[in-house]
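Trainee: Just dropping this structure here.
The values are calculated or read from the model by the stated rules, or taken from the named source; none is laboratory data. As the structure is a computational prediction, the values presented were derived from the model and not from experiment. Quick reminder, even Gly has a Cβ in these numbers, built from the backbone with ideal geometry, and neighbours come from all protein chains shown.
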Ligand SMILES: Nc1ncnc2c1ncn2[C@@H]1O[C@H](COP(=O)(O)OP(=O)(O)O)[C@@H](O)[C@H]1O
Ligand code: SF4
Ligand SMILES: [Mg+2]
């Protein structure tokens, strides 16, 4: 990293530090949707950001793309290839970030694609806008995402969910962005298509070219399938950040919320976490998970510091995880 805090090509592809986003509502109310989030994603790596609905995952994604609504305030830093996405102005975001530094694989590809234009025409337009020197052809862009060439002249409504997802992925890949950002890329797909879609995303990371993938999902099976590391978000904060093998395998997660997420899976204990996530506009002091946590004590009324990747006063220890 240089003196300006910029990452060179050798550093992580994405480096997020102290990122916070709050929404300002009428009457002076505030919603802290993302609070003091920090993580890195390296070239060739997939980081899965997981957590229940409403915990701030998509707000974080919007912050990285400069797509926050007008009533949002962002603070902190998010560096990609020497550019701080949080500080970038709209012109820079449009010219250098969206599609070029960050390729977005959207949650609802059907809604993301323009309904009145064929896949071919949308790919051609994106290539004109993003690819330098006309080296990329529509067919080449489609093939990269395994989109069938004989479907290029179809309109989005003529595509299955899986093919719409591939069309959206092809668009996201055109600009050769070092960071692929996939926000719930498997919503509405059946299990086989989920597996196929995330395998494809993994393939784009493994294909070299120094690409990294930040995959936002509430689908733990999808995360388990392709992630190298896992970040668990609760009430706007990352409460655990660890490698995927130890998270999903042995010794398992250390944060009680992470363990609750895994225990809720049908192929595990199938035991839901009691209670509901808190209203972000009315978070308790201290650990936001305390009202739902069986390990909570009076010390949890103060905010737990993140130690060894886990923000908890009483994390599960290796010994009791093995017991
Ligand atoms: N435009 C907005 N105005 C106020 N609050 C918002 C706005 N958009 C999102 N939020 C708040 O941010 C929280 C996180 O939303 P989101 O990031 O979409 O969650 P998810 O983790 O499901 O992607 C929501 O629970 C909501 O309270
Ligand atoms: S800090 Fe306390 S309440 Fe929060 S997860 Fe850890 S043990 Fe539970
Ligand atoms: Mg979301």
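Trainee: Taking segment 139-161, which residues are at pLDDT 90 or above, under 26 Å from the mean Cα position of the chain (by Cα), surrounded by fewer than 19 Cβ atoms within 10 Å (Cβ to Cβ) and over 14 Å from residue 173 (Cβ atoms)?
Mentor: Scanning segment 139-161 gives a single hit, 160.
Trainee: With respect to residue 261, is the statement that it is more than 7 Å from ligand 2 (Cβ to nearest atom) and not in a loop (DSSP other than H, G, I, E, B) true?
Mentor: yes
Each row is one residue, and each column tells you yes or no for (1) in contact with a helix residue (DSSP H, G or I) (Cβ under 7 Å, 6 or more places away or on another chain); (2) under 25 Å from residue 41 (Cα atoms); (3) loosely packed, with under 15 Cβ neighbours inside 10 Å; (4) without any contact (Cβ under 8 Å) to a residue 60 or more places away in the chain.
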position	(1), (2), (3), (4)
63	no, yes, no, yes
76	no, yes, no, no
86	yes, yes, no, no
94	no, yes, yes, yes
101	no, yes, no, no
110	yes, no, no, yes
114	yes, no, yes, yes
118	no, no, no, yes
129	no, no, yes, yes
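Trainee: Going by the structure shown, is residue 253 part of a loop (DSSP other than H, G, I, E, B) and modelled with pLDDT of 95 or more?
Mentor: The answer is yes for residue 253.
Trainee: Would you check if residue 136 is away from ligand 2 (no atom under 16 Å from the Cβ), modelled with pLDDT under 95 and crowded, with 18+ Cβ neighbours inside 10 Å?
Mentor: The answer is yes for residue 136.
Each row is one residue, and each column tells you yes or no for (1) part of a strand (DSSP E or B); (2) exposed (fewer than 13 other Cβ atoms within 10 Å of the Cβ); (3) within 12 Å of ligand 2 (Cβ to nearest atom).
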| site | (1), (2), (3) |
| --- | --- |
| 266 | no, yes, no |
| 270 | no, yes, no |
| 277 | no, no, no |
| 286 | no, no, yes |
| 295 | no, no, yes |
| 299 | no, yes, yes |
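Trainee: In segment 71-99, how many residues are in contact with a strand residue (DSSP E or B) (Cβ under 9 Å, 6 or more places away or on another chain) and farther than 18 Å from residue 179 by Cα?
Mentor: Residues flagged as in contact with a strand residue (DSSP E or B) (Cβ under 9 Å, 6 or more places away or on another chain) and farther than 18 Å from residue 179 by Cα within segment 71-99 amount to 6.
Trainee: Which of the residues spanning segment 8-61 are within 18 Å of residue 233 (Cβ to Cβ), within 15 Å of ligand 1 (Cβ to nearest atom) and surrounded by fewer than 16 Cβ atoms within 10 Å (Cβ to Cβ)?
Mentor: Matches in segment 8-61: 53 only.
Trainee: Would you mind finding the one in 18, 8 that is within 30 Å of residue 176 (Cα to Cα), at pLDDT below 95 and either touching a strand residue (DSSP E or B) at 6+ places or on another chain (Cβ under 9 Å) or in a loop (DSSP other than H, G, I, E, B) (or both)?
Mentor: The conditions single out 8.
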